[in-house]
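The values are calculated or read from the model by the stated rules, or taken from the named source; none is laboratory data. All figures in this text were calculated on a predicted structure; none of them were measured in a lab. So basically every Cβ, Gly included, is an ideal-geometry build from the backbone, and we count neighbours across all protein chains shown.
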Amino acid sequence: MNRWLRSFLRRRGATPAEIERAEHEGRLSLLTFDRMLMPGAARYTFAEACRRASFDERVAKRLWRALGFPDPPEQERVFRDEDVEAIITLRRLIENTTVPRGEDYAELVQNVRVIGGALARIAEVQSDSMTEAVRSELAAGRSDEEIATQLPDRLDWDRLSRLLDYALRLQLRATARRKLATVDPNTPGTEIFAVGFVDLVGYTALSQELEQDELGMLVSRFEELAYDTVAEHAGRVVKTIGDEVLYVAPVAADAARIALRLTERSDGDQLPEARAGVSAGSVLAQEGDYYGPVVNLASRLVELARPGSVLASSDFHDALGDDPAFQWQRLRSRRVRDIGRVEVWLLERAEQTVAEA
């Protein structure tokens, strides 16, 4: 085995038995990746790590589960000095009230659950790229040991973590600015937004006809189109669910442009036709998602919309006002599931705007 690689793995906390097993099983690249991310020798059981950090083991176990991990075996030493330091950091954050606890740590557990889910998605994307690169090199005839030897030079974790830190700070700044401008300072989390839902028509039928890789490419194309269009018009994608995207925008005109552009672009982007529903008003922002009657109405309107069309609520129509860039067609009132009878408007571009485009 390469002496430099063995020395590197030993310095990062791998035992001789771990190295021998990884070499025998052809998993040196995996062990190297593991030790690059989590260096240090495993010294403590879960209970010992909590005691060294002076942290309640019961609370720590709830947070560990909230991150999405099963309970570690009680007597197995799998935690390192860095794990203890992380628990100490969390304890100090809680003591300084930087982190919300809630009764019996309920709020903290929920926050960790949401953060853990978001980080798991990031990890999936990053690990997919790494796995594909390793498999490609193995297919090209390179040995697992050769790949492992070059991993430390090719994977600059410090640089990647700085980018992730920068992106998170950007997102925190944007959400803080948005949430501090609440409708009512006495009602935290309540904000005025235009809300839009856009989905692809006939997606369910397509999902039964297309191969898995073809369907994945279609969804990826739609997501890319949605993210680009929403960002271009000062909105924010809240979430995508297969063929559907939920977005918000502080300005109704921007939300209207997003809906119109997405319903226009999908047809010319090798995608099924799209349709949209938009509404506006007070929404409850919680854990990165949005709730309330305004969101529900936009969701129901997209179900009523025909392919290529945008349906709007009366509140959205009023919020947009007499903007000359748009024109309206008042439709008959509709009974909307779980909401009741509502006024519905068909939103279109003004004729001069279409001509200019």
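Let's see how each residue does on (1) surrounded by fewer than 20 Cβ atoms within 10 Å (Cβ to Cβ); (2) under 18 Å from residue 345 (Cα atoms):
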residue	(1), (2)
272	yes, no
279	no, yes
289	yes, no
295	no, yes
308	yes, yes
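Sort out which residues of segment 303-353 are farther than 19 Å from residue 198 by Cα and touching a Gly at 6+ places or on another chain (Cβ under 9 Å), and write them in order of number.
319
Being touching a Pro at 6+ places or on another chain (Cβ under 8 Å) and part of a helix (DSSP H, G or I) is the filter here, so list the residues in segment 12-42 that pass it. Talk me through it step by step, then tell me what you get.
Initially, segment 12-42 is screened for residues touching a Pro at 6+ places or on another chain (Cβ under 8 Å), giving 12-13, 32, 36.
Within segment 12-42, 32, 36 qualify.
Please count how many residues of segment 68-93 are at pLDDT below 90 and aliphatic (A, V, I, L, M).
Within segment 68-93, residues that are at pLDDT below 90 and aliphatic (A, V, I, L, M) number 2.
Being within 27 Å of the chain's Cα centre (by Cα) and either charged (D, E, K, R) or within 18 Å of residue 84 (Cβ to Cβ) (or both) is the filter here; which residues of segment 18-55 pass it?
Taking segment 18-55 first, the residues within 27 Å of the chain's Cα centre (by Cα) are 30, 33-38.
The answer is 34, 35, 37, 38.
Can you spot a residue in segment 28-43 that is more than 22 Å from residue 152 (Cβ to Cβ), modelled with pLDDT under 95 and crowded, with 16+ Cβ neighbours inside 10 Å? Steps first, please.
Our first condition is that a residue be more than 22 Å from residue 152 (Cβ to Cβ); within segment 28-43, this holds for 43.
Applying the additional criterion that residues be modelled with pLDDT under 95 yields 43.
Okay, now just the ones that are also crowded, with 16+ Cβ neighbours inside 10 Å, so 43.
Within segment 28-43, one or more residues are more than 22 Å from residue 152 (Cβ to Cβ), modelled with pLDDT under 95 and crowded, with 16+ Cβ neighbours inside 10 Å.
With farther than 30 Å from residue 108 by Cα, touching a residue at least 12 places away in the same chain (Cβ under 8 Å) and under 21 Å from the mean Cα position of the chain (by Cα) as the only criterion, which of 304, 246, 225 stands out?
Going through 304, 246, 225 in turn, the sole match is 225.
Failed condition for residue 75, given (1) surrounded by 15 or more Cβ atoms within 10 Å (Cβ to Cβ); (2) among the polar types (S, T, N, Q); (3) over 20 Å from residue 31 (Cβ atoms), with all others met?
In the conditions (1) surrounded by 15 or more Cβ atoms within 10 Å (Cβ to Cβ); (2) among the polar types (S, T, N, Q); (3) over 20 Å from residue 31 (Cβ atoms), residue 75 misses (1) alone.
Having 1 or more residues that are acidic (Asp, Glu), assigned by TED's automatic domain parsing to the domain that holds residue 238 and over 17 Å from residue 275 (Cβ atoms) is the bar; report the strands (runs of 3 or more DSSP E) wholly within segment 285-357 that clear it. Spell out how you get there, then give the answer.
Details: elements: 289-291, 310-313, 326-336, 340-349.
In segment 285-357, 289-291, 340-349 are the strands (runs of 3 or more DSSP E) which contain 1 or more residues that are acidic (Asp, Glu), assigned by TED's automatic domain parsing to the domain that holds residue 238 and over 17 Å from residue 275 (Cβ atoms).
With respect to residue 58, determine if the residue is charged (D, E, K, R) and either part of a helix (DSSP H, G or I) or under 27 Å from the mean Cα position of the chain (by Cα) (or both).
On the way: charged (D, E, K, R): yes; either part of a helix (DSSP H, G or I) or under 27 Å from the mean Cα position of the chain (by Cα) (or both): yes.
For residue 58, the condition - charged (D, E, K, R) and either part of a helix (DSSP H, G or I) or under 27 Å from the mean Cα position of the chain (by Cα) (or both) - is met.
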